[in-house]
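Below is one structure, written out as structure tokens; the observations come after it.
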Ligand SMILES: [Mg+2]
């Protein structure tokens, strides 16, 4: 069994969702309640703020998630389909791959976005943050996917962000970068198996991957169908 896993935001569906603004609001809420976070050269990301909150101020975590959901609800109202998204999904199926979604977005907002473009029926599995213990770049979502697909001979993760790439890498799954920022990939030492500028190129790439004999087991030693331990890093 082969599996193609897609990220949602900025991969299949685009929206004005501004994760940096979301993180700023979260940080402000945390700091209003519990005092300033240490200054640092770069912004705190959503996943980091959630992790910090969960560890230090668990009572506030629901408020942080409510803030995230508010941003996401507003963004999905103005969402649009990424060009070639439907071709990529149906093309992956036609190439013999099952299709799954792995998104940091909430189940409620994911459902809304998928329904809007009539995409939900194309997926064998939809994994949102409601089903995960930690957001990408944590690989926990792969645990959920691997529980469902027990007999994988090949899998790839397709996403636009280093966050997807790092999560895939930690899970031992090859990453297909869709218009990802090269500087981010380099910084996080992510080596995609392919780089796509157009989603419409994905089906042909999947077909050629199948034809040339993809690795049944990851070069990194990950074991399909079971949660592979992340590399020692
Ligand atoms: Mg994305």
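Read the figures in this text as sums done on the coordinates, not as results from a lab. Since this is a predicted model, take the numbers as computed values, not measurements. Every residue, glycine among them, receives a Cβ derived from its backbone with ideal geometry; neighbour counts consider all protein chains shown.
At a glance:
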| read-out | value |
| --- | --- |
| Where the Cα pairs of the chain fall when distances are cut into 5 Å bins, in % | 1, 6, 14, 18, 20, 17, 11, 7, 3, 1, 0, 0 |
| Gained length - residue 150 relative to residue 44, 0.36 nm times residue gap less alpha-carbon distance | 34.6 nm |
| Gaussian network model of the chain, Cα within-10 Å springs - most flexible of 27, 187, 209 | 187 |
| DSSP bridge pairs, the chain: antiparallel proportion in percent, nearest 5 | 10 percent |
| The range 19-76 - convex hull of alpha carbons, volume per residue in Å³ | 72 Å³ |
| Neighbour-count ranking [beta-carbon atoms within 10 angstrom, fewest first] of 53, 4 | 53, 4 |
| Largest-first principal axis extents of the Cα set of the range 1-49 (Å) | 50, 25, 21 |
| Tilt relative to the chain, helix 85-94 - C-alpha long axis, 0 to 90 degrees, to 10 | 40 degrees |
| Sorted by Cβ density within 10 Å, fewest first, the residues 56, 170 | 56, 170 |
| Estimated FRET transfer efficiency when R0 is 25 angstrom, pair residue 186-residue 24 (beta carbons, to 0.05) | 0.45 |
| Folded to 0 to 90 degrees: helix 46-56 orientation relative to the chain principal axis, Cα | 50 degrees |
| Over the chain: helical MRE at 222 nm, DSSP H runs n ≥ 4 each giving -39500 (n - 2.57), nearest 500 | -12500 deg cm²/dmol |
| Three-way shape label, the range 116-169, alpha-carbon gyration tensor, a/c 1.5 | rounded |
